[in-house]
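The values are calculated or read from the model by the stated rules, or taken from the named source; none is laboratory data. These numbers come from a predicted model, not from an experiment. In this analysis, Cβ positions are derived from the backbone assuming ideal geometry, glycine residues included, and neighbour counts consider all displayed protein chains.
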Amino acid sequence: MRVVVIGGGPAGMMAAGQAAKEGADVVLLERNSRLGKKLAITGKGRGNLTNSADIADFIPQFGDSGAFLYGPLHRFSNDDLRCFFHNLGVPTIVERGGRVFPRSEKALDLVSGLERYLREAGVNVIFEQRAASIVAENGRVSGVTVVGRTYPAQKVVLATGGASYPATGSTGDGFKMAAVLGHTIVPARPALVPLETEESWVRSATGLALRNVNVALTVDGRHAAAEFGEMLFTHYGVSGPVILTLSKIAVDILAAGKRPCLHINLKPALSSEQLAARILRDFDKYSRKQFKNGLADLLPAKLIEPVIDNSGIDAELAVHQISREQRQRLAEVISGLTLTVKGTRPISEAIVTAGGVSTKEIDPKTLASKLVEGLYFAGEVIDVAGNTGGYNLQAAFSTGYLAGLCAARQE
Ligand SMILES: Cc1cc2nc3c(=O)[nH]c(=O)nc-3n(C[C@H](O)[C@H](O)[C@H](O)COP(=O)(O)OP(=O)(O)OC[C@H]3O[C@@H](n4cnc5c(N)ncnc54)[C@H](O)[C@@H]3O)c2cc1C
């Protein structure tokens, strides 16, 4: 059984190794001169490979595509993945929010572990081979073409990733190759992507990271979602874990022609009474100062001016002259600093690509194409996109495992 795997990311490496362990003769084609270029930069270089949550809790993290992943995730779970890396000499640790990282905190160790796995399994890895098309005759695959040559194959696993971070090699090639064979491609769009805001004041807050904030997303004044955690201001808008998670919903709202709003609660640990009391205490302390100089204990320096502007209170006013109503307005701004989302950063800057090969045309029990015999899919090339927290890499590894296993089997 000759299996050709296209793409040496986490999904492709897992598929190739697994197929070889099952006894297949496996060729892994990678367009770059090294494997796992994207994997090496995941989790800010620390490689958040999975989550310690109950595997059943993974499903909702993928929204509508979660049900499709039920089989692969149960067949090769987060515990299996941790065990897999442990056996390769890459033990893991669990951090806040159940995020699992290599104990070394080096994503590169995941890549080296997988390289060892491929070597031991006897996979023939061929670099700088950019697959151009999958050859199919009479409805079944027979090979993969790369400029100047064809690799014969009885089975092909397509694991070319999505279309984000193109410098890592994922440029959407797999979508085109699958489309030529008749597969429906759900249009690729950014998921887990920084958001651009209408308000230009964010520029002055560039680089400011806020921990422990609550951010609510609304559309037409109605609550759509909320997240607690860390966010970051940038020259164009906002980013960071909370924003990336909310972006999945924001993308859909924007696609419907609407502009969602973000409301940042800068003091989520305080009730409205506690916040009012806290403001009063600070105002007592700074009663002789100007308003603009009375907020230093309450807010990060970069947010003082935007909060004052949003409150509508004269920055030059003496603190003791501020009325009760004005204090109330200030409290409202602090617990709901509002930004209007005008768009997302481009797909090239998205952490994950939503869209891809339609799950309706893939058998979730085997990851085999329902249209072309001998063709399998794994990883982000499939129309699945999860939240931050290690879910996307787990999906890549789980689908890679199952695709490799099933591709190696004779029908
Ligand atoms: C900055 C960043 C941080 C991230 N952090 C995390 C994280 O901490 N946790 C998490 O769960 N997820 C994270 N992700 C998402 C995660 O990296 C991806 O979901 C995952 O890598 C998808 O795996 P894949 O194997 O499907 O695709 P990829 O990793 O994109 O690999 C695809 C491979 O196919 C190769 N290829 C493409 N086209 C061809 C072709 N025509 N011929 C041959 N080879 C080809 C590419 O060069 C590449 O090596 C992050 C993503 C980014 C961009």
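Given the condition in contact with a Ser or Thr (Cβ under 9 Å, 6 or more places away or on another chain), farther than 24 Å from I243 by Cβ and of a type outside the set (D, E, K, R), answer yes or no: does some residue in the stretch 259-269 qualify? Scanning the stretch 259-269 turns up no residue that is in contact with a Ser or Thr (Cβ under 9 Å, 6 or more places away or on another chain), farther than 24 Å from I243 by Cβ and of a type outside the set (D, E, K, R). Contact map, the stretch 227-254: residues that are under 27 Å from D383 (Cα atoms) and in the same structural domain as A205 (by TED's automatic domain parsing) paired with residues that are hydroxyl-bearing (S, T, Y) and not in a strand (DSSP E or B), Cβ distance under 6 Å, separation 6+ or inter-chain. Pairs shown: E227/T245; P241/T388; L244/T388; T245/T388. Note on the stretch 48-154: enclosed strands (runs of 3 or more DSSP E) holding 1 or more residues that are within 21 Å of the chain's Cα centre (by Cα) and of a type in the set (D, E, K, R) are 99-102. Checked against (1) more than 25 Å from V384 (Cα to Cα); (2) modelled with pLDDT under 95, A191 passes all but a single condition, namely (1). Pairs linking a residue in the stretch 183-194 that is touching a residue at least 12 places away in the same chain (Cβ under 8 Å) to a residue that is basic (K, R), with Cβ atoms under 9 Å and 6 or more positions apart or on different chains, are T184/K360; I185/K176; P190/R345; A191/K248; L192/K248; V193/K248; V193/R345; P194/R345.
Any idea which residue in the stretch 216-243 is nearest to V341 (Cα to Cα), counting only those that are in a strand (DSSP E or B) and out of contact with any strand residue (DSSP E or B) (no Cβ under 7 Å at 6 or more places or on another chain)? Walk me through how you get there before you give the answer.
First pass over the stretch 216-243, keeping only residues in a strand (DSSP E or B): 216-219, 222-233, 237-239.
So of that shortlist, the ones also out of contact with any strand residue (DSSP E or B) (no Cβ under 7 Å at 6 or more places or on another chain) come out as 219, 222, 229, 233.
Working: V219: 10, R222: 15, G229: 19, F233: 13 Å.
The qualifying residue nearest to V341 (Cα to Cα) is V219.
Only one of the listed residues (G386, G374, G379) is out of contact with any Cys (no Cβ under 8 Å at 6 or more places or on another chain), farther than 24 Å from K155 by Cα and in the same structural domain as H74 (by TED's automatic domain parsing). That residue is G386. Entry remark, the stretch 155-181: residues being outside any helix (DSSP H, G or I), surrounded by 23 or more Cβ atoms within 10 Å (Cβ to Cβ) and of a type outside the set (K, R) number 10 in total.
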